Amino acid sequence: MRLKLAWEESLPADTLSFDVLTVPLKREGADKPELVSLLVTLDPQQIRFWLWEGKRFEPIRQQRHMLQRDLYCLSNGPRGRRMIYTDGSSWEWGEKTLTQDIPARRIPIGRVVDDEGTERIVCFDHDSGRPFYYVLEKPLEEDEFFIEPEEVYAGKILQSIVMSLPRLAQSFRNFYASGYRWLCRYRWSAKEPARVYGVAPDRLALLELRPNRRPYNAWQLSFRSLGAPRRENALVVRTGDPKNEGRTMLLVMRATNTQVQLSAYSV
């Protein structure tokens, strides 16, 4: 399924990472809270929560952090908790404040929605060279589950996934060698079939899986050049609906030393 650019927004130039978190929020004049999606950004000092107010994102909350460089949000995490994970800490969303929680088992590289609809953090096992997610709320003999390319495409265990592709991820090495730094199993609505997309610094592509785990580019969209990418977090990919438009977007953040651009793609 081909995607097209839906909108673009500029983010503060010091933004390192972002995600989308859905929370109950009571708007001014409303009788009760409603579920809304927030854009969550991370810069060198703060995690900031932004609400789309018709023409721009307005900040509504912030949280200081210590030397964190990446960010993932779970809107329906284990036990229904709303969680924010960084590469060294985590917080649970509360009505008025964020509560410090146990950090991820290893540095997060993505998030999945499993077959029960629960969102989970994806980490990377350097010993085996494989990405994995883990389950803590059930009594299981083995609580770590490795992710292979075939599982991403089959969709029987994972409803959706967005994750970065480490250079050392052995089973995904053909994707990395083809230039892709992010992989996303994405559907824009619950009624539509999911597709797998790869994101490279210069393009977004619909990928099919060929023998020997080789990705085949079935369609691609080239990005407009912003200039030389910065060294850190020049490309970040997530999914969500940060403007509360009623459809899930594939979100791509690209950054140079002087600008950060967030682009949303949908059908």
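General remarks:
- Label-point gap, in nm, between residue 267 and residue 31 - each point 7 angstrom along Cα→Cβ: 3.6
- 73, 184, 123 arranged by Cβ crowding within 10 Å, fewest neighbours leading: 123, 184, 73
- Here the Gaussian network model covers the chain, with springs between Cα atoms less than 10 Å apart; of 241, 70, 101, 101 fluctuates the most.
- Each Lys and Arg contributes +1 and each Asp and Glu -1, all at the Cβ; summed about the Cα centre of the chain, the dipole is approximately 840 debye.
- According to the Cα-based calculation, Rg over Rh for the chain is 0.94, with Rh computed by the Kirkwood formula.
- Cβ crowding within 10 Å, taken as a proxy for footprinting-reagent exposure, orders 145, 172 from fewest neighbours to most as 145, 172.
- Scanning residues 5 or more positions from residue 6 or on other chains, those with amide H under 5 Å from its amide H are 264, 265, 266, with H placed 1.01 Å from N in the peptide plane.
- ³J(HN,Hα), Karplus 6.51/-1.76/1.60, whole Hz, each residue of segment 38-47, x for Gly, Pro: 10, 7, 10, 10, 10, 10, x, 10, 10, 9
- Proximal lysines to residue 156, defined as alpha-carbon separation beneath 17 angstrom and excluding residues fewer than eight positions away on the same chain: 191
- Residues with amide H under 5 Å from that of residue 130, placed H, sequence gap 5 or more: 125
- The chain: most fluctuating residue of 130, 203, 195 per GNM, C-alpha cutoff 10 Å: 203
- For the residue pairs 32/55; 26/243; 96/138; 32/243, alpha carbon separations beyond 22 Å are given by 32/55; 96/138.
- Taking the centroid of alpha carbons for each part, segment 48-99 and segment 1-39 are 11 Å apart.
- For segment 19-24, the Karplus equation 6.51 cos²θ - 1.76 cosθ + 1.60, evaluated at θ = phi - 60°, returns couplings of 6, 10, 10, 9, 9, x Hz by residue, with Gly and Pro reported as x.
- Trypsin sites (Lys or Arg not before Pro) lying in DSSP loop within segment 1-60, provided at most 15 other Cβ fall within 10 Å: 2, 26, 27, 55, 56
- Distance in nm between pseudo-label sites at residue 247 and residue 99 (7 Å out along the Cβ direction from Cα): 3.8
- Sequentially through segment 157-173, phi angles give Karplus couplings (6.51, -1.76, 1.60; θ = phi - 60°) of 9, 10, 5, 8, 7, 9, 8, 6, 10, x, 4, 8, 6, 4, 6, 10, 5 Hz, Gly and Pro residues having no value and appearing as x.
- Prolate/oblate/rounded call for segment 95-250, Cα gyration tensor, a/c under 1.5 rounded: rounded
- Of the trypsin sites (Lys or Arg not before Pro) in segment 78-162, those whose Cβ has at most 11 other Cβ within 10 Å and which sit in DSSP loop: 96, 156
Each reported figure results from applying straightforward, stated rules to the coordinates on display, with no laboratory input. This structure is a prediction, so every number in the text was calculated from the model and none was measured. FYI the Cβ positions are ideal-geometry reconstructions off the backbone, even for glycines, and counts take in every protein chain you see.
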